[in-house]
Amino acid sequence: MTDPFLDSCRAIVGAAFVLDQPHDMAPFLTDWRGRFTGSARAVLRPQDTAQVALLVQACAAHRVPIVPQGGNTGLVLGSVPDDTGTAVVLSLARLNQVRAIDTVNRTVTVDAGAILHTVQQAAAAHKLLFPLSLAAEGSCTIGGNLSTNAGGTAVLRYGNTRELCLGLEVVTPQGDVWDGLRALRKDNTGYDLRDLMIGAEGTLGIITGAVMKLFPAPRATITALVALDSARNALALLGLVQDACGATLTGFELMSSVCLELVATHFPQLPRPFTAPHAQYVLLELSSSESEENAVRLLESAIGSAVDQELCDDAVVATSLAQSRGLWNIREHIPLAQAAAGKNIKHDVSLPISRIADFIDVTDAALLAAYPDSQVICFGHLGDGNLHYNVAPRDGASHDAFLANQAGINRIVNDNVAEMHGSISAEHGIGALKRDDLVRYKEPVELNMMRAIKAALDPLGIMNPGKVL
Ligand SMILES: Cc1cc2nc3c(=O)[nH]c(=O)nc-3n(C[C@H](O)[C@H](O)[C@H](O)COP(=O)(O)OP(=O)(O)OC[C@H]3O[C@@H](n4cnc5c(N)ncnc54)[C@H](O)[C@@H]3O)c2cc1C
């Protein structure tokens, strides 16, 4: 039986790039955490911006909802379709080229489907740095990073993906191409449509290309793991290191002892830097534009002051690239160790940095009182005020049964976040997973403005429906 809509898609991209058989579509329909499998009418795989525009025009004509997808590593069910089977997944994976590097302007222009690691390498080939870095960098795409305004491990120094972007190319919900690939650091010519598209999670249009900023590669990078007895001391250490090291501080990650134990259990091949356990650990990184001696001197002086002030119990400093990689591997394997351990309830929250220790104390106590079988797996980008505050069952308990507590656990965590003027999504976005929470925690005035923007740009409501709003 012919399907006029799919026939028009085949005429645009070729039959080989319109997948409509279940086994071909399967890899595109399940989220990275394996918690949800949706259903789609087809998976469309265009190769360039012109094909994306024609496909969107066909979808608009036939009122077919579109779910844009990059690397499908998102954590809030934004990149997979619902279970109605009415939507198409539009994969950007074949738009994967680095289009140009301008070493004078210090910018790189990329296709939206370019893998983050590829962009980092393209910059490095010119002795420049593209600083966005996160554990999914081997699979996630620039378009996905932009659409979720991803954070990662270097926000403290370089900002979120939004701060790294100068221009965008976007296919609108009508199938028009907006060429906003401007490589300007200053451009005050009206509403900032670029910033509207960034973090929109595919609900306002499809990003097909971007101009991203590059930076001088640091001359030396030095990493240390510091052991402490509380998150409060970690906050004091942050202030101390910021004062002592200024802009050389590029990463400041908090990890609880539970996180390190989990990694050691599931990835025994990774280093175990300390023999005795400590309550909290901070992984910190300095990047010097001067020299390795400069970085070492700054770090040793900061850690020396922290020891004098009794803020830290122990510290190891990586003396080689391999050792530094080993320490970062511990941090980056926490999500993987959690996935290996079973299901858990994730929260990606943001707080004023000054409230982080209070939040951990109050929320840990409230959760353990309400759910004594729970275990908090808390880590995150402390320097950005961002915690991944995840809750799992204690050893031996059933993970599936534990998930029945999700609504109650979310309420405790999110209410505390709201009470302390934080955000229920720091860097992962809203997707379908947190959509209902958004209604509870966002100001009605703000929600109404968001709905008005969505209705104005996407009146047919075909762009990633059911996500964010
Ligand atoms: C192991 C692991 C570690 C992670 N660490 C971090 C971290 O440190 N910091 C952080 O911020 N995030 C982190 N994430 C989540 C993060 O959001 C994603 O890894 C990444 O930014 C998403 O890119 P992607 O290409 O996989 O997008 P996808 O998952 O494919 O899509 C994400 C969202 O963007 C939309 N989208 C994708 N491409 C486009 C496009 N071209 N145009 C319009 N909309 C589009 C999708 O519809 C969806 O709503 C992590 C994920 C994993 C699995």
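The values are calculated or read from the model by the stated rules, or taken from the named source; none is laboratory data. Here the structure is a predicted model, which means the values were calculated and not measured. Glycine gets a Cβ as well: all are built from the backbone with ideal geometry, and neighbour counts include every protein chain shown. Areas reflect the complete protein model, heavy atoms only, side chains present, ligands, DNA and RNA absent. Shrake-Rupley method; radii C 1.70, N 1.55, O 1.52, S 1.80 Å.
Couple of notes before you dig in:
- If the condition is being of a type in the set (D, E, K, R), within 13 Å of the ligand (Cβ to nearest atom) and open to solvent by 30 Å² or more (accessible area, probe 1.4 Å), then the range 11-44 contributes Arg33, Arg35.
- Qualifying residues in the range 180-220 (those that are more than 14 Å from the ligand (Cβ to nearest atom) and assigned to a strand (DSSP E or B)) - the one most open to solvent (accessible area, probe 1.4 Å): Pro216
- For the range 286-296, the criterion of being in a helix (DSSP H, G or I) and of a type in the set (Ser, Thr, Tyr) is met by no residue.
- Close pairs from the range 209-222: first over 23 Å from Asp111 (Cα atoms), partner open to solvent by 50 Å² or more (accessible area, probe 1.4 Å) and among the β-branched types (Val, Ile, Thr), Cβ under 8 Å, at least 6 apart: Ile222/Val317
- Boolean, Ile453 is open to solvent by 10 Å² or more (accessible area, probe 1.4 Å), β-branched (Val, Ile, Thr) and at pLDDT 95 or above: yes
- Lone unmet requirement of (1) open to solvent by 20 Å² or more (accessible area, probe 1.4 Å); (2) over 27 Å from Leu460 (Cα atoms); (3) of a type outside the set (Asp, Glu) for Thr84: (2)
- Restricting attention to the range 456-469 and to residues that are open to solvent by 60 Å² or more (accessible area, probe 1.4 Å) and out of contact with any Lys or Arg (no Cβ under 8 Å at 6 or more places or on another chain), the residue that is farthest from Met197 (Cα to Cα) turns out to be Pro459.
- Candidate set from the range 156-170 (those that are near the ligand (Cβ under 9 Å from one of its atoms) and either in contact with a Gly (Cβ under 6 Å, 6 or more places away or on another chain) or at pLDDT below 95 (or both)); member that is farthest from Val211 (Cα to Cα): Asn160
- Taking the listed residues Ala369, Ala357, the one that is open to solvent by less than 50 Å² (accessible area, probe 1.4 Å) and more than 16 Å from the ligand (Cβ to nearest atom) is Ala357, with no other qualifying.
- Looking only at residues in the range 302-313 that are open to solvent by 70 Å² or more (accessible area, probe 1.4 Å) and not in a helix (DSSP H, G or I), the one that is farthest from Ala276 (Cα to Cα) is Gln309.
- Residue within the range 236-248 that is over 18 Å from Glu285 (Cβ atoms), open to solvent by 30 Å² or more (accessible area, probe 1.4 Å) and of a type outside the set (Gly, Ala, Ser) present: no
Yes/no matrix, rows are residues, columns are (1) near the ligand (Cβ under 8 Å from one of its atoms); (2) surrounded by fewer than 24 Cβ atoms within 10 Å (Cβ to Cβ); (3) on the phi < 0 side of the Ramachandran plot; (4) in a loop (DSSP other than H, G, I, E, B):
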| position | (1), (2), (3), (4) |
| --- | --- |
| Gly143 | yes, no, yes, no |
| Asn149 | yes, yes, no, yes |
| Thr153 | yes, no, yes, yes |
| Trp178 | no, yes, yes, no |
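- Applying the set (1) in a helix (DSSP H, G or I); (2) touching a residue at least 60 places away in the same chain (Cβ under 8 Å); (3) surrounded by 15 or more Cβ atoms within 10 Å (Cβ to Cβ) to Asp437 leaves exactly one unmet item: (2).
- Residue match in the range 27-41 (condition: under 23 Å from Glu169 (Cα atoms) and either part of a helix (DSSP H, G or I) or touching a helix residue (DSSP H, G or I) at 6+ places or on another chain (Cβ under 9 Å) (or both)): no
- Among the conditions (1) within 13 Å of the ligand (Cβ to nearest atom); (2) closer than 28 Å to Thr248 by Cα, Ser91 misses just one, which is (2).
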